[in-house]
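The values are calculated or read from the model by the stated rules, or taken from the named source; none is laboratory data. Remember, it's a predicted structure, so these values are computed and weren't measured experimentally. Only protein heavy atoms, including side chains, enter the accessible area calculation; ligands, DNA and RNA are left aside. Shrake-Rupley method; radii C 1.70, N 1.55, O 1.52, S 1.80 Å.
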Amino acid sequence: VKFAAGGISEMWSRSASIFHRLHRLSAVRSCAARLSSSSHARLAQESARRKYQEELDRKNRNYAKWMLAVAMGTLGMSYAAVPLYRMFCRVTGFGGTVQTADDASVFRTPTSETQIVEGAKPISIRFNSDVSIDMPWRFTPSQLEAKVLPG
């Protein structure tokens, strides 16, 4: 009986020891798994953050290029504004630019192409020759008034 009792207590202590070792081993394994999964998660998170930063940097570079292009275009248009405005005024007569022609017939409609509007009343055109008092010029129109029909 003594042998059996000693055997049981020895078996009990061995099984408790084995259980304790297994428990420690499983705790170590779960801790290692957690560390491993958390390190994988950290690596994945760092990778995602790095990709996001690269994408953001690419977008910022693209935006900077567009803003540089807009600034350069604005600068170019400011240098081109004066010649373009002069050309516009020369073509349209805008801004007091006098239009001239080598041939006077450019400004006249040939008599054969004019058509008098039916029922139109004659229009009276009066010629004025006002000059500032400070100017030493004197102008007088050769004809004070002209009557024309629209057409």
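Among the residues of the stretch 81-88, is any charged (D, E, K, R) and open to solvent by less than 100 Å² (accessible area, probe 1.4 Å)? No; the residues of the stretch 81-88 include none that is charged (D, E, K, R) and open to solvent by less than 100 Å² (accessible area, probe 1.4 Å).
If you go through the stretch 137-150 and pick out every residue that is open to solvent by 70 Å² or more (accessible area, probe 1.4 Å) and either modelled with pLDDT under 85 or not charged (D, E, K, R) (or both), you end up with 8.
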